[in-house]
2 protein chains.
Amino acid sequence: MQALTYELLHEDKQTGARRGIIHTPHGDIQTPIFMPVGTQATVKSVTPEELKEEIEAQIILANTYHLYLRPGHKLVEEAGGLHNFMRWDRPILTDCGGFQVFSLSDLRTITEDGVEFKSHLDGSKHFFSPEKVMEIENSLGADIIMAFDECVGYPATYEYTKNSMERTTRWAIRCKEAHKNTEKQALFGIVQGGMYKDLRKQSAEDLVALDFPGYAVGGLSVGEPKELMCDVLEYTTQFLPKNKPRYLMGVGTPDYLIEAVLRGIDMCDCVLPTRIARNGTALTTYGKVVVRNKTYERDFTKLDPECDCYTCKNYTRAYIRHLIKAKEILGVRLLSIHNLRFLTKLMERVRIEIENDNLLEFKNEFYKKYGYTKE
Amino acid sequence: MQALTYELLHEDKQTGARRGIIHTPHGDIQTPIFMPVGTQATVKSVTPEELKEEIEAQIILANTYHLYLRPGHKLVEEAGGLHNFMRWDRPILTDCGGFQVFSLSDLRTITEDGVEFKSHLDGSKHFFSPEKVMEIENSLGADIIMAFDECVGYPATYEYTKNSMERTTRWAIRCKEAHKNTEKQALFGIVQGGMYKDLRKQSAEDLVALDFPGYAVGGLSVGEPKELMCDVLEYTTQFLPKNKPRYLMGVGTPDYLIEAVLRGIDMCDCVLPTRIARNGTALTTYGKVVVRNKTYERDFTKLDPECDCYTCKNYTRAYIRHLIKAKEILGVRLLSIHNLRFLTKLMERVRIEIENDNLLEFKNEFYKKYGYTKE
């Protein structure tokens, strides 16, 4: 029995954007979907109840690198797995630690076998191989787990990108062999290849030949221009099978979400909504509002006039600004709830617009209100 | 019409501990009561809904000094007062800023007229007089407001304490005259006099002659031994009228709460439950649990076996420890909810024990479980 299946319900007639359902051991996920990030076994500042009832999150993501270092995957396994440990009974996706090993840790050394790195917490030495990452992800027990990859930055040479991509594919084969819990956890392969289309094609075709239950597109939104991201993404998704879910990693601004869906993506994740909350910024229908700015000192209106989240139903910009200026936790909580709800609600709307073959019109309308000047 | 009345329902036959109700413009308060502190117009990390539904707080406290400096009392007044600004529709008590002016600010200069001080935020100069403090507290609009006093530290000379206490009484007269909103806000006088019984008697009698709707006992729990605190408190309360509420300021450990109630106190407040939450400590039936300690790394039991708060119903010590170690806001939230609920629930129990003339037996039983070795 397979851990995960994807059901394609409808394709937007103008664009090919996909409306579907992912069936997992912890329930169904309506796609396209935005996944809040719970790096350290908690979506920063909010409870599982708030995620379900206020934010209406269907799936959350957690980070293998962070949980391996603290509290340790064996401890999480003893707690009955990540779902039990953090009290979240809907689907979870764990990444493979590849991105963090390359971006957070010091002194990494890459070999064919894997990556040696130093912990960003205490400088201790660790080694991630495809087999080790599978051991960790099997202990954590997420519904969707990712194969170990190298996320190449931007810019990168053709030579470097090609070697790295080919190694990522060899690692994917080793992950598939090492994965112990195929009935309850679906392993996704990650397409790499940087900004080089022929490499993207080769990566996608090689991984598709391995018949993973789903595919991620990695190595995008790493600093390249938006147009280039869109171009490479659009080129890549054509090589992915229609009957499997597609996940664009690390994308979370409203415009990137819509552009990704327009190019056939089903799942996205990003720390953006909770990260900018901590800096006192809100995503709203009419663009970003830096509510910590003095402009909002005596603004007794709500964050977003078109939002009905817990924060917008109950609190003023002036109060939230005060909380953020005074470094009060409640300020971060209120902004996190709003920002996360803003993106889950945006994707609810996107799903409806796909069903109505209307995503392109919606995009234009949304961009106009939000204040995007092009695309 | 008076803003506040006190109804004495029952006195514990063995001890004289008081069971009563305070009637305020924002509803009734069952006493004795523990009041959570919302220094900056928020009880740290929790929402008004959590305060009502999970913690069952009946009244909260806010700090005049902090709100005057940030966001400013005029802004709060524009927002419709503190209740509206922070969205709390039950009673609020504001202190007078006296304690903060003396403990937080720099370079204070006391004269008969008032106190000049420098803000702990930006070093700017400010002046608090009894009239200024009444202006601020009237703008904030709490149901119970405190007269401006000097809180004398421990130890202090007889001479210093006497002069300060007499000035505090003269300031109380000026507060009474300056208070603009007697129909909606009840002004309490604050008994001072340090550890000197004759000064406590004089302070109480002088204030009682002014006929305030309630009285606070200030200048206790400022570093003196517990026995001395209990002795001075017991001596002081006999001079306070039975038909007015009595508030012991700044007391919040479980044993001090019970000792205060045994000596005729109706209201207490303290930052302790939320402050120790931020350090990873829980109050439990069996004493303090420093859950951030390694001992609890793999402890998959709940914080307090006898507690049914949101935190204890749902989370393990191991998970909370992980959150605190990883500096996750949710850890502080979960500990704050538990610690606040622990004290409000303790006082619920205390009210029942008074009704049953059984407070002394309950105290002994509670102390034994909690691990207090003496009085």
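The values are calculated or read from the model by the stated rules, or taken from the named source; none is laboratory data. Keep in mind the model is a prediction, meaning the values are calculated, not measured. Here the Cβ is made from the backbone with ideal geometry for all residues, glycine too, and neighbour counts use every protein chain on show. The protein model used for the area step is the full one, side chains on, heavy atoms only, and it has no ligands, DNA or RNA in it. Shrake-Rupley method; radii C 1.70, N 1.55, O 1.52, S 1.80 Å.
For B:Pro273, work out the one condition from (1) in contact with a Gly (Cβ under 6 Å, 6 or more places away or on another chain); (2) under 30 Å from B:Leu240 (Cα atoms) it doesn't fulfil.
With (1) in contact with a Gly (Cβ under 6 Å, 6 or more places away or on another chain); (2) under 30 Å from B:Leu240 (Cα atoms) applied to B:Pro273, the lone miss is (1).
What's the number of the condition A:Thr281 fails, among (1) crowded, with 23+ Cβ neighbours inside 10 Å; (2) without any contact (Cβ under 8 Å) to a residue 60 or more places away in the chain?
All conditions are met except number (1).
Please go through region A:210-253 and pick out each residue that is farther than 26 Å from A:Thr157 by Cβ and over 13 Å from the mean Cα position of the chain (by Cα).
Taking region A:210-253 and keeping what is farther than 26 Å from A:Thr157 by Cβ, we get A:210-214, A:241-247, A:252-253.
Within region A:210-253, A:Leu210, A:Asp211, A:Phe212, A:Pro213, A:Gly214, A:Pro241, A:Lys242, A:Asn243, A:Lys244, A:Pro245 qualify.
Scan region B:76-87 for residues that are away from chain A (no Cβ under 11 Å) and either buried (at least 20 other Cβ atoms within 10 Å of the Cβ) or part of a strand (DSSP E or B) (or both) and jot them down.
Passing the criteria: only B:His83.
Mind listing whichever residues of region B:27-75 are of a type outside the set (S, T, N, Q), more than 13 Å from chain A (Cβ to nearest Cβ) and in a loop (DSSP other than H, G, I, E, B)?
Correct list: B:Pro32, B:Ile55, B:Glu56, B:Ala57, B:Ile59.
Looking at region B:337-354, can you tell me whether even one residue there is touching a helix residue (DSSP H, G or I) at 6+ places or on another chain (Cβ under 7 Å) and within 12 Å of chain A (Cβ to nearest Cβ)?
There is at least one residue in region B:337-354 that is touching a helix residue (DSSP H, G or I) at 6+ places or on another chain (Cβ under 7 Å) and within 12 Å of chain A (Cβ to nearest Cβ).
Within region B:165-182, can you find the residues that are in a loop (DSSP other than H, G, I, E, B) and open to solvent by 70 Å² or more (accessible area, probe 1.4 Å)?
Of region B:165-182, the ones in a loop (DSSP other than H, G, I, E, B) are B:179-182.
The answer is B:Lys180, B:Thr182.
Return a yes/no flag: does region B:16-23 have any residue that is more than 17 Å from A:Leu330 (Cα to Cα) and modelled with pLDDT under 95. I'd like the intermediate steps shown before the answer.
As a first pass, look at region B:16-23 and keep what is more than 17 Å from A:Leu330 (Cα to Cα): B:16-23.
Now drop any that are not modelled with pLDDT under 95, which leaves B:16.
Yes, some residue in region B:16-23 is more than 17 Å from A:Leu330 (Cα to Cα) and modelled with pLDDT under 95.
Taking region A:284-302, which residues are within 15 Å of A:Leu346 (Cβ to Cβ), open to solvent by less than 30 Å² (accessible area, probe 1.4 Å) and assigned to a loop (DSSP other than H, G, I, E, B)?
Residues of region A:284-302 that are within 15 Å of A:Leu346 (Cβ to Cβ), as a first pass: A:284-288.
Keeping just the survivors that are open to solvent by less than 30 Å² (accessible area, probe 1.4 Å) gives A:284-285, A:287.
Result: A:Thr285, single match.
Does A:Asp198 count as more than 22 Å from the chain's Cα centre (by Cα) and not aromatic (Phe, Trp, Tyr)? Explain how you work it out, then say what you get.
Numbers: more than 22 Å from the chain's Cα centre (by Cα): yes; not aromatic (Phe, Trp, Tyr): yes.
Criteria met by A:Asp198.
Hey, any hits in region A:142-164 for a residue that's β-branched (Val, Ile, Thr), open to solvent by 20 Å² or more (accessible area, probe 1.4 Å) and at pLDDT 95 or above? Before the answer, list the steps.
Step one: of region A:142-164, the residues β-branched (Val, Ile, Thr) are A:144-145, A:152, A:157, A:161.
After this cut, where a residue has to be open to solvent by 20 Å² or more (accessible area, probe 1.4 Å) as well, the list is A:157.
Now drop any that are not at pLDDT 95 or above, which leaves A:157.
Yes, that holds for at least one residue.
If the requirement is being under 17 Å from the mean Cα position of the chain (by Cα), open to solvent by less than 20 Å² (accessible area, probe 1.4 Å), farther than 28 Å from B:Leu262 by Cα and without any contact (Cβ under 8 Å) to a residue 60 or more places away in the chain, which of these qualifies: B:Thr64, B:Thr42, B:Thr47? Let's see the steps before the verdict.
Working: B:Thr64 fails: without any contact (Cβ under 8 Å) to a residue 60 or more places away in the chain; B:Thr47 fails: under 17 Å from the mean Cα position of the chain (by Cα).
Every option except B:Thr42 fails the conditions.
Starting from residues that are β-branched (Val, Ile, Thr) and outside any loop (DSSP other than H, G, I, E, B), keep the ones in region B:253-276 and report whichever is surrounded by the fewest Cβ atoms within 10 Å (Cβ to Cβ).
Looking only at region B:253-276, we keep the residues that are β-branched (Val, Ile, Thr), and these are B:253, B:258, B:261, B:265, B:271, B:274, B:276.
Filter again for outside any loop (DSSP other than H, G, I, E, B), leaving B:258, B:261, B:274, B:276.
On the way: B:Ile258: 25, B:Val261: 30, B:Thr274: 24, B:Ile276: 19.
Among residues in region B:253-276 that are β-branched (Val, Ile, Thr) and outside any loop (DSSP other than H, G, I, E, B), the one surrounded by the fewest Cβ atoms within 10 Å (Cβ to Cβ) is B:Ile276.
Somewhere in region B:315-331, is a residue touching a residue at least 24 places away in the same chain (Cβ under 8 Å), within 22 Å of the chain's Cα centre (by Cα), within 14 Å of chain A (Cβ to nearest Cβ) and open to solvent by less than 10 Å² (accessible area, probe 1.4 Å)?
Of the residues in region B:315-331, the ones touching a residue at least 24 places away in the same chain (Cβ under 8 Å) are B:317, B:320-321, B:324-325, B:329, B:331.
Narrowing further to those that are within 22 Å of the chain's Cα centre (by Cα): none.
There is no residue in region B:315-331 that is touching a residue at least 24 places away in the same chain (Cβ under 8 Å), within 22 Å of the chain's Cα centre (by Cα), within 14 Å of chain A (Cβ to nearest Cβ) and open to solvent by less than 10 Å² (accessible area, probe 1.4 Å).
If you check every pair at least six apart or on different chains, which have Cβ atoms under 9 Å apart with a residue in region A:355-369 that is assigned to a loop (DSSP other than H, G, I, E, B) first and a residue that is of a type outside the set (Asp, Glu) and open to solvent by 50 Å² or more (accessible area, probe 1.4 Å) second?
That search, which allows pairs on different chains as well, returns A:Asp357/A:Lys13; A:Asp357/A:Gln14; A:Asn358/A:Gln14; A:Asn358/A:Ile352.
Please tell me if A:Ala57 is at positive phi and open to solvent by less than 10 Å² (accessible area, probe 1.4 Å).
When the stated conditions are applied, A:Ala57 does not pass them.
When the residues of region B:117-141 are narrowed to those that are over 21 Å from B:Thr94 (Cβ atoms) and in a strand (DSSP E or B), which ends up most open to solvent (accessible area, probe 1.4 Å)? Can you show your working first?
Looking only at region B:117-141, we keep the residues that are over 21 Å from B:Thr94 (Cβ atoms), and these are B:118, B:122-125.
Filter once more, so that each one left must be in a strand (DSSP E or B): B:118, B:125.
Numbers: B:Lys118: 62, B:Lys125: 138 Å².
Residue satisfying both the conditions and the ranking: B:Lys125.
What number goes with the only condition from (1) in contact with a helix residue (DSSP H, G or I) (Cβ under 9 Å, 6 or more places away or on another chain); (2) open to solvent by 10 Å² or more (accessible area, probe 1.4 Å); (3) closer than 19 Å to B:Thr168 by Cα; (4) of a type outside the set (Val, Ile, Thr) that B:Ser103 does not pass?
(1)
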